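Okay, structure first, notes after.
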Amino acid sequence: MTYYYGAAYYPEQWPEHTWEPDIRLMKQAGLNATRIAEFAWSRIESSPDCYDWTWLDKVMKLLHENDIGVVLCTPSASPPMWVVDACPGMLNIDVNRIERPAGARRHYCPNNPEYRLHSVRIAGAMAQRYGNHPALIGWQIDNEFGEGVGPCYCDVCAAEFRNWLKEQYASLEALNEAWGTVFWSGQYNSWDQIKPPMQGSRPFAQPLIPGLRHNPGWVLDYERFSSDSFVAYQNLQENAVRPHTDKPVTHNGMGLASNNIDYYDLFKTLDVCGYDCYPSVVAESYSASSRNMSHSRNLTGKPPWILELSSGGGFSTWGGARPQAPPGALRLVAWHVFANGGEMALYFQWRMMAKGAEQLESSILELDGVPRRKYEELKRTASELKRLEPWLSQTQVKSDVALIFSYDHHWAHSLKPFSNSFSYSDQSGALYDALVAKGLNVDVVSLEADLTKYRMVVLPSPILMTPEIAAALKSYVHGGGVLLSTFLTGVKDWHNVGIWDRPLPGYLDDLFGVNVVEVDPGCPDLPTRIALDTGACKCEVKHSVWSDVLETVGRDTDVIGRIVGSYRAGEPVITRNRAGKGLAYYLGAWLEKDALSTILDEVLNAASVLRSPIIVPEGVELIRRTGGNLDVTFLLNWTYAPVTLNLNGLYTDLMTDRRHEGVFELAGRDVAYLRKES
Ligand code: GAL
């Protein structure tokens, strides 16, 4: 298997005489891939049907001659001026009904029929010309759909939204019922009365109108519709490209919850998951990016392509000081990608641009194109990658633990937060962090994933519930699985309306053996704490942010956490219920780091999840890759200080062939690649 290592390159912005030396430098560093053309539409087609392929032909040829593989992008993220003129009404309208002007990027509506035709035409033309080019390794459709923009709220979208709703609900009566429009006399008498809302999910859709509170069913469906619009838009381009190429087609997503698109849907038809991975080059933490890597790894089941990777800072493009990448950082982030399952790592970007909105954005080469320390660091990493390739290709990142990430849950929490003190994404991140800190691989997967592959499933605050999802969870537990669900489980139905005809957690009360009878966001004025008793650990911890008020109703429901102090003293808040061959844990309270870790130890032990024998301190990332008889551990020290670990076994360093047993030193910002000897 070939691993791809390189950087995004923008030859259209540079005079021709720079191409050859720039590309030669890539080759001399041992790089073997690049990504080009995602914003180059006006250089390819400067006016209607006036194509200029000569420059791109030359660039493709040069790259091929230097053994640099190309991910070629369709350029629809930045429609040229003449396209905007040719498609009246194609500009994106934001949630506040402000038109996004041409002159930047992503100024389009994915539903605009004329713009769709232009996008399909340019994608098809590029594929026809380069679909079989020897330099080509794959396609990227558009660039980071929706980034910084969010959904479109134009008249075309309004009409398409109504069509989408007709398909979902068939009748207006059904829609009125599902959304609960009786509230505040919101009932619709005709489909035409339904408009796009003026409120959406954060961060893009903050309404300017004070006091505006929309129906939760309406806003949630608009998020779903908008996501489907981008998926449909992508599929059109994908279908235009595929007949001309047999290379993988992908898109560059932004990490699991960065914009308003359901990546499970978006990547369903794509060959690999593309993801733009921007871990901080200076921070001592890696977990947010690790969670995104896990999600990307599991989206298509194939090793993800990292189409953009942090290259540091320096000049700030977006305001605020952006730290430069200290020595070792670019190697560290590259190994973070490859160890976590990536097949490709392309920095953003090869050479600092002089022009435009992103002028002086961070890069491997500065403006003058002279190779310096960052270049040398890539050279070293490229040679390490060559050496490690056989071990990477024979091993995979496998996991016994799944963490569910659902866009419907994310949107429901974000559109109608019940407390500003936590977010779905933060809750999911806290659970992920606490698990990986124990030296575990964790798979971030969808609600539809095959859960039977996992010993343990963690389900963060699944606020929306259906009988079907509940049945799947029950079948998993009854079959022997161990499930942990956290507070705010099954509060509302799939239309974002409270479940009122049965006890909460909706459809799951019998699985957990509890009823949620009230909820309590925690009050600093009341002396409420939580007493944990897992058998292995008895302690009292803080109560803050949130707790569900539970009553146990199951015959086999054990209480492992109770409220201490205040009027709630003695109430259960964390429970364990035996159901069939498995166990269902209900974590009814938000817990701080140490307490969460204690509860997770209890659940991991109950699920017999094996951990790595190597215990890592905070700031050291451990990724275990296995395959056949091979067991390879990557250790990445994100801290600046050296750490001393106990390997608890015999290992060979795959880079130096030196053997290590017991105490092992890892320098600050360094990486180790250790094969376990049996
Ligand atoms: C990405 C984007 C790139 C560039 C980069 C700057 O999100 O895809 O085109 O803008 O950020 O950091």
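General remarks:
- Checking each residue of segment 568-585 against the condition of being modelled with pLDDT of 95 or more, of a type in the set (Phe, Trp, Tyr), touching a Leu at 6+ places or on another chain (Cβ under 9 Å) and farther than 30 Å from Pro642 by Cβ gives at least one match.
- Only a single criterion out of (1) out of contact with any helix residue (DSSP H, G or I) (no Cβ under 8 Å at 6 or more places or on another chain); (2) touching a residue at least 12 places away in the same chain (Cβ under 8 Å) is not satisfied by Ile23, namely (1).
- Of the residues making up segment 588-595, at least one is assigned to a strand (DSSP E or B) and open to solvent by less than 10 Å² (accessible area, probe 1.4 Å).
- When restricted to residues that are modelled with pLDDT under 95 and more than 10 Å from the chain's Cα centre (by Cα), segment 238-260 contains 1.
- In this structure, Arg97 qualifies as modelled with pLDDT under 95 and either outside the structural domain of Ala357 (by TED's automatic domain parsing) or farther than 17 Å from Ala123 by Cβ (or both).
Residue-by-condition table, conditions (1) farther than 21 Å from Arg242 by Cβ; (2) open to solvent by less than 20 Å² (accessible area, probe 1.4 Å):
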{"residue": "Thr74", "(1), (2)": "no, yes"}
{"residue": "Arg100", "(1), (2)": "yes, no"}
{"residue": "Gly103", "(1), (2)": "yes, no"}
{"residue": "Gln128", "(1), (2)": "no, no"}
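- Any hit, segment 5-16, residues being more than 16 Å from the ligand (Cβ to nearest atom), in the same structural domain as Lys379 (by TED's automatic domain parsing) and buried (at least 21 other Cβ atoms within 10 Å of the Cβ): yes
- Ile614 within 30 Å of Asp525 (Cβ to Cβ), open to solvent by less than 10 Å² (accessible area, probe 1.4 Å) and out of contact with any helix residue (DSSP H, G or I) (no Cβ under 7 Å at 6 or more places or on another chain): no
- For segment 509-555, filtered to residues that are surrounded by fewer than 21 Cβ atoms within 10 Å (Cβ to Cβ) and of a type in the set (Gly, Ala, Ser), the residue that is nearest to Asn577 (Cα to Cα) is Gly554.
- Selection status of Ser608, modelled with pLDDT of 95 or more, polar (S, T, N, Q) and loosely packed, with under 15 Cβ neighbours inside 10 Å: yes
- Scanning segment 124-141 for any residue that is farther than 23 Å from Lys27 by Cα, β-branched (Val, Ile, Thr), out of contact with any strand residue (DSSP E or B) (no Cβ under 9 Å at 6 or more places or on another chain) and modelled with pLDDT of 95 or more turns up nothing.
- Hits in segment 490-508 - residues which are on the phi > 0 side of the Ramachandran plot and open to solvent by less than 40 Å² (accessible area, probe 1.4 Å): Gly490, Asn496
- Elements of the type helices (runs of 4 or more DSSP H) sitting completely within segment 68-187 and holding at least 2 residues that are of a type in the set (A, V, I, L, M), under 27 Å from Gly255 (Cα atoms) and within 16 Å of the ligand (Cβ to nearest atom): there are none.
- Residue ID - nearest to the chain's Cα centre (by Cα), chosen from residues in segment 18-42 that are more than 17 Å from Leu56 (Cβ to Cβ) and open to solvent by 50 Å² or more (accessible area, probe 1.4 Å): Lys27
- Residues located in segment 29-55, provided they are away from the ligand (no atom under 16 Å from the Cβ) and either in contact with a Lys or Arg (Cβ under 8 Å, 6 or more places away or on another chain) or under 24 Å from Cys273 (Cβ atoms) (or both): Ala29, Gly30, Leu31, Asn32, Ala33, Asp52, Trp53, Trp55
- Restricted to segment 370-414, and to residues there that are part of a loop (DSSP other than H, G, I, E, B) and free of Cβ contacts under 8 Å to residues at least 24 places away in the same chain, the residue that is least open to solvent (accessible area, probe 1.4 Å) is Val370.
The values are calculated or read from the model by the stated rules, or taken from the named source; none is laboratory data. No experiment lies behind these values; they were computed from the predicted model shown. Here the Cβ is made from the backbone with ideal geometry for all residues, glycine too, and neighbour counts use every protein chain on show. In case anyone asks, the SASA skips ligands and DNA or RNA and just uses the protein heavy atoms, side chains included. Shrake-Rupley method; radii C 1.70, N 1.55, O 1.52, S 1.80 Å.
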